[in-house]
Structures are given as C-alpha cells and as structure tokens.
Amino acid sequence: MNKKKSDIILDKKDDELGDLEVYRHSCAHLLAQAVTELFPDSQYGIGPAYENGFYYDFITQKPFSPEDIELISKKMKHIVKQNLKIERLLWTKLKAIDYFSSKGQFLKVELINEKVENNEVSLYKQGDFVDFCRGPHLPSTSYLKHFKLLSVAASLWKGDENNQSMQRIYGVVYPTLEELNEYLKFLKEAKERDHRKLGKTLDLFSIHNDIGAGLVLWHPKGSIIRHEIEQFWTEEHLKNGYELLYTPHIAKIDLWQKSGHLDFYKENMFTPIEFDNTQYQLRPMNCPFHIEVFKSKNRSYRDMPIKWAELGTVYRYERKGVLHGLMRVRGFTQDDAHVFCTKEQLEDEVTDLIGFSLKMLGTFGFKDLDVFLSTRPDKYVGELKDWELATAALKNSLDKSNVEYKIDLGEGVFYGPKIDIKVKDVLNRSWQCTTIQIDFNLPKRFNLKYSDNSGKIKQPIMIHRALLGSLERFFGVLIEHYAGFFPLWLSPVQAIVVPITDKNIEYAKVVYNKIKENNIRVELDQRSEGIGRKIRDSEIQKVPYIIVVGDEEHKNNNISLRIHKKGDQGSVDLDHFIKGVKKIIMKKGSNYEV
C-alpha cells in the first residue's frame, strides 16, 4: 500500500509528521479500542507513538496475561477488517468531560482539565470508540493490517511514583508486511545481542537487588575488559598532554550549593549523608573537584591549556522504572576531563578534542557516527558575545576536521553550546558517547582566574568532555555491537587449550604455559568431558582461539587451531601462533587470522 502523506494525514500539513508516526499513533488508538471492548472496566490513559513503535497505558483489575495479549491482538485484527472510519470531532470542554465521566474514563477527564485551555476539545472516533487526541490519524482502521503486540510492562500514571500503577502494552506497526517482518527480524537480532543476557552467559557482570538497583558488580571477565579499556584510555590521554586526577566520592554539601547542582540537579542527587554535624553529598559530577584543583594555586597564561582527566565514579538517583542493565544505572564511572584554556586557544583545543574522540571511538570499531552541534537555548547564562565565540569555535573546529554534522538548534545546555557524537552499532542503532561542552557558568561561579601576558587577571574558558561517556554504558554498547565476540585485545579469554584425552594433559600444560608466558590470556580445560563438549562450551563463551592438542600434535610439537565462527584451521606451529596473536593484540585489530 503506497500512500502519499497527503492521502493519510488529515489535520496537519504534510511535513509536520511522517507517515510512520501517523500509523503508530493510529494503531495505539486501535489497541485502546480493543482493550476497552474486551475489558470494559479498564481505563485508558495515554497512547503515544515513540521512536520504534507505540504503546498505551491502562488501569486494569489484574495484569494482562499472555492469553489476554493474544485476545487483544485478535480483537484488533477484527476491528481492522471492519474498516471503521476514523473521524475527528470538535466538542466543547464540558461535553467532552461529561462524555468521559459517563464512561468512567476519569483519566481522560483529568487530561482534558489539565491540557485544554480554551473551550474546544479535539477527539477522534472510530466505531463506538472515542479518544481525546490532537491527531492526525489515518482515514480508517483498514490501514492497520501489519502490526504486532510485543510486550507488557508496569508503568505509572504520568510517570509519577506517587500515582497509581498501570499496565503498558507495547507494539509496532508498518504500512507493509515486508517492513514489519524486517523490523521483527531486527528485534530478534537485538534480543540475541542484549547485553543483559550476554552479560550473564559470558559471566561479565551482574546487578543484585540485595546490593541495590542500578549498582553494577563487575565479574573477573568483565573486569579484565574494563582494565584494558582503562589502560588504553590512560595511555592515550598521557600521550595527548593530559594529567590525571583522583578525587573523592563525597564532598561537603556546600560545594554542590556553590556549583549550582543543588539548584539545578537536586532531583537526580542522592539524599545527603550527615556526620560530625556536617552534611556530605555523594558526587553526581566530577567538575567541582577539578575546579578546586585549578584554584589551589595562582595560574598564568603560561600554564594554559590545562588538561586534567579522571575516571571518576559518580552517583545519580535514576528512577527505578528507567534503570536498564548497564545502559541506565545509579553508580557509574565517567571518562571525564576538563580543559581550562584562553579564548585564543579555544578553537585549537576543540579541534584536538574532535580528533581525539574520533581516534578513540575508531579504535573500538565505531566508524559510523552522528554528530550534532547544539546551540544556545532560550534560557542561558553568560554574555551573548561569549556564546557566539564558543559556537563559532565549535563550528569551525568541525569544519576543519571535515566532520559531517547537524545543527541541533537551541539544544545546548544553559551554560554553553556543545558537540555530541553518537556511534552507530552493527544494527544501525545510535548511542550517545562523546560530549564536548563549553562552560561559562562554573568559571564564573567559582571565580576562576589566570593572569595573561600583561599581568591582567582574566577568566579561563572551561571545556567539559567525555569521550566514551560512562564505562558501564560504553561496555553495554560494546557487548551488543560485537554480540559478546570482542576484538582480540578486549577478549577476557583470548585462547583456550583443550586436550583431547586425559593423557594429553601434560602436553596441553606445556602449550598453556608457553602461551601464558607471552602475556596472552589463556585457559586450560582439564575437565573429563568429551572433546566435542569442550569445543562447544568454548564456542558458547566466544573464545577467539580454541587450541586442540592430542597425540598427533604432541608428536609433531605443534597445535591444532580453531577460530571462533571460522572453524578448524588445521595444524599450526605454536611459535607462529603466539607471534601472530601478539601482533593482532598490539594493533588492536578485529582480524583473527594468525
């Protein structure tokens, strides 16, 4: 079914909403109609389209079961076949309130009272079902043949913890069956790559309610990957003229008052801790500590730029409902850094940061990027001339770096413009990583100073930047991007030696020890299992190299090599194997051929 926008959008101009969003929103109404017909006592709340589909929230007497979802889906298909006309109604506010009150739909009454400022209410009707909505919608239910309900989750009315709980049904819809099937295929692949699932299978990390929601335990295999990331990060920063800082996890609450976090960020901060008659706060940011180091002595233009980096763990109160594996946690480590520079140095520093970011992300295999330049919002601090200077520096630096980017108008933070870099994984999903933000606010709040070449006191410019973002989130992205089969330099176990029988264990130990002596992460499988089982288990663990040794290998003083996903490579000289592996690790490449 190929429809032009003008054929399906009823109430708005063609360029205001894409076709797919109209399909999604119309399908949310189809879902609500089916639920209310099957469960007349239910109340329907809101049902928006979102990036990947649609959902609708309901208050029900009991949670929806899988059988309920199947019934709802069948009812939706029946409504589609009825080809019900979808029409817009304009009622008075009083008429709309009376109508929904008579139906017992008090959530709609609440929404109308909150959102309708004049006396005209926009509603949409299909069959006997009416919903409060601005639209636009498709002409009839017959357009909605290709949908699928995906899941049910608990939600809260308006997302407020103090409000009643609801049931949220998620779904997807597409104009054609081919598009729907393609998306369902994508979902299946994404499910197989889910970092929470692979984190457990590969024994990388865990999160326990007994310890606290959103708090991550890094297991040995996950920790070795983190160690490799941190070591690479540290080496690259030292090469690029950064110095390292270590700062406390808590500070007196006065510091956060001075920085403005208590005014602007309090809802994301944990409750203060009190001892010695003084309140302390878990840090949500690292910036104030770096500023205090800057203020610890007089600074001159000769010191500039000053570049300080820290892998600093911060703590933020994320609502329980939004926590998601490693992607959204309450305690995480930022690869944080701050650059203090003069106005004259700003453009060069930003250019260097862009190059540094691209190199770091590229080393981890991320070449496909979305870059955004976010400009001055309506509410901002600082002088307009400083905003113009900073925005021009960011733009000029992007242009010099030959980086394609989009202007994100008015989406800068209140204290300065910024560059955001999002990486795309193998499923073409975007993930926020790098942020380069220019700050006029904190240097002023903390009265930062340096003396220029004529002895005049000036205020430095402060650049906040994170290249990988948080290590937890970045690790989650890595897991899903590589489906747990990491580049060799990151693999927690790079090789495993597998003796065919118990009598081959002694030679296996010789091979194991020689590989280990060359700083290759290797394990020895001495279990009394068949060789087939040992190989299958190693494949499940995504070990890059499986080294099989038996009588023949012992006799010829070599190894039989298998590469994950590539299978049997035949007999290989051990020294040649070790030399090849070390070369691949050193280059941080993704090719496993030795």
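The values are calculated or read from the model by the stated rules, or taken from the named source; none is laboratory data. Note that this is a predicted model, so its numbers are computed, not measured. Cβ coordinates were reconstructed from backbone atoms using ideal geometry, including for glycine residues, and neighbour counts include every protein chain displayed. The area values use the complete protein model at the heavy-atom level, side chains included, leaving out ligands, DNA and RNA. Shrake-Rupley method; radii C 1.70, N 1.55, O 1.52, S 1.80 Å.
Given (1) 27.6; (2) 26.2; (3) 28.3, which label gives Kirkwood radius over Cα pairs in Å as computed from the coordinates?
(3)
Would you mind working out the magnitude of the charge dipole of the stretch 517-578 relative to its Cα centre, with +1 at each Lys and Arg C-beta and -1 at each Asp and Glu C-beta, to the nearest 20 Debye?
In debye, rounded to 20, the stretch 517-578 gives about 380.
Can you pull out the chymotrypsin sites (Phe, Trp or Tyr not before Pro) in the stretch 314-364 whose DSSP state is coil and whose Cβ has at most 11 other Cβ atoms within 10 Å?
In loop regions of the stretch 314-364 (DSSP not H, G, I, E or B), there are no sparsely surrounded chymotrypsin sites (Phe, Trp or Tyr not before Pro).
Enumerate the calculated ³J(HN,Hα) couplings along the stretch 282-294 in order (Karplus 6.51 cos²θ - 1.76 cosθ + 1.60, θ = phi - 60°), each rounded to whole Hz, writing x wherever the residue is Gly or Pro.
Residue by residue, the stretch 282-294 yields 4, 6, x, 9, 9, 3, x, 5, 5, 5, 5, 5, 4 Hz.
Could you check how much of the accessible area of the chain is carbon and sulfur, as a whole percent, using a 1.4 Å probe?
On the chain, the fraction of accessible area on carbon and sulfur atoms equals 48 percent.
How would the stretch 14-135 be classified by its alpha-carbon gyration tensor: rounded, prolate or oblate, with rounded meaning a/c under 1.5 and the a/b versus b/c comparison settling the rest?
Oblate, since a/c reaches 1.5 and b/c is not below a/b.
From the phi angles alone, apply the Karplus equation (6.51, -1.76, 1.60; θ = phi - 60°) to the stretch 66-81 and give each ³J(HN,Hα) in whole Hz, x where the residue is Gly or Pro.
Once rounded to whole Hz, the list reads x, 5, 4, 5, 5, 5, 4, 4, 5, 5, 4, 5, 5, 5, 4, 5.
For the stretch 437-442, just list the computed ³J(HN,Hα) in residue order, Karplus coefficients 6.51, -1.76 and 1.60, θ = phi - 60°, integers in Hz, with x standing in for Gly and Pro.
10, 9, 10, 9, 7, 5
Obtain the nm distance between the two label points defined at Leu71 and Arg88 by a simple spin-label model: each point lies 7 Å from its Cα along the Cα-to-C-beta direction.
In this crude label model, Leu71 to Arg88 measures out at 3.6 nm.
By its C-alpha gyration tensor, with a ≥ b ≥ c as the square roots of the eigenvalues, how is the stretch 93-210 shaped: rounded for a/c under 1.5, else prolate for a/b larger than b/c, else oblate?
Judged from the Cα gyration tensor, the stretch 93-210 comes out oblate (a/c at least 1.5, b/c at or above a/b).
Using DSSP loop states and a limit of at most 13 other Cβ atoms within 10 Å to flag GluC sites (Glu not before Pro), what is the longest stretch of the chain containing no flagged site?
162-382
For the chain, what does -39500 (n - 2.57) per DSSP helix run (n ≥ 4), summed and divided by total residues, give at 222 nm, in deg cm²/dmol to the nearest 500?
Counting only the DSSP helices, I get -11500 deg cm²/dmol.
Are there trypsin sites (Lys or Arg not before Pro) in the stretch 479-545 that DSSP marks as loop and that have at most 16 other Cβ atoms within 10 Å, and which are they?
When the trypsin sites (Lys or Arg not before Pro) of the stretch 479-545 are filtered for loop state and at most 16 Cβ neighbours within 10 Å, Arg527 remain.
Please work out the C-alpha center-to-center distance from the stretch 448-521 to the stretch 525-547 and express it in whole Å.
24
Under the definition of Cα pairs under 8 Å and six or more residues apart, what whole-number percent is the relative contact order of the chain?
9
In the chain, if the dipole is taken from +1 on Lys/Arg beta carbons and -1 on Asp/Glu beta carbons about the Cα centre, which of Leu238, Gly382, Ala213 is farthest to the positive end?
Result: Leu238, furthest along the dipole toward the positive end.
For the stretch 288-436, what is the accessible area per residue in Å², given a 1.4 Å probe and the full set of protein chains?
45
If the only charges are +1 at each Lys and Arg Cβ and -1 at each Asp and Glu Cβ, what is the size of the charge dipole of the stretch 219-326 around the Cα centre, to the nearest 20 debye?
140
Roughly speaking, what is the stretch gain from Ile250 to Phe264, that is 0.36 nm per residue apart minus the C-alpha to C-alpha distance, in nm to one decimal?
3.2 nm
What translational diffusion coefficient, in µm²/s and rounded to a whole number, does the Stokes-Einstein relation yield for the stretch 454-594 at 25 °C and a viscosity of 0.890 mPa s, taking the hydrodynamic radius as the Kirkwood radius over Cα pairs?
Taking Rh from Cα pairs, D becomes 145 µm²/s.
Taking the Cα centre of the chain as the origin, how large is its charge dipole in debye, to the nearest 20, when only Lys and Arg (+1) and Asp and Glu (-1) carry charge on their Cβ atoms?
140
Enumerate the amide H contacts of Gln279 below 5 Å, restricted to partners 5 or more residues apart or on another chain; note that Pro and chain-start residues carry no placed amide H.
Under 5 Å from the amide H of Gln279: Ile253.
Quote the FRET efficiency, to the nearest 0.05, computed for Asp368 versus Lys406 with a Förster distance R0 of 22 Å and r equal to the Cβ-Cβ distance.
My answer for the efficiency is 0.90.
Between Lys185 and His576, take the C-beta separation as r, use R0 = 45 Å, and let me know the FRET efficiency to the nearest 0.05.
0.65
Taking amide H positions as placed in the peptide plane 1.01 Å from N, state which residues far from Arg299 in sequence (5 or more) or on other chains have amide H under 5 Å from it.
Excluding prolines and chain starts, which carry no amide H, the hits are Ser451.
Amide H neighbours of Ile86 under 5 Å, counting only residues 5+ apart in sequence or on other chains, H built in-plane at 1.01 Å?
Under 5 Å from the amide H of Ile86 lie the amide H atoms of Ser140, Thr141, each far enough along the sequence or on another chain.
Rounded, prolate or oblate: which fits the stretch 379-480 when a ≥ b ≥ c are the square roots of the eigenvalues of the alpha-carbon gyration tensor, with rounded for a/c under 1.5 and prolate only if a/b beats b/c?
prolate
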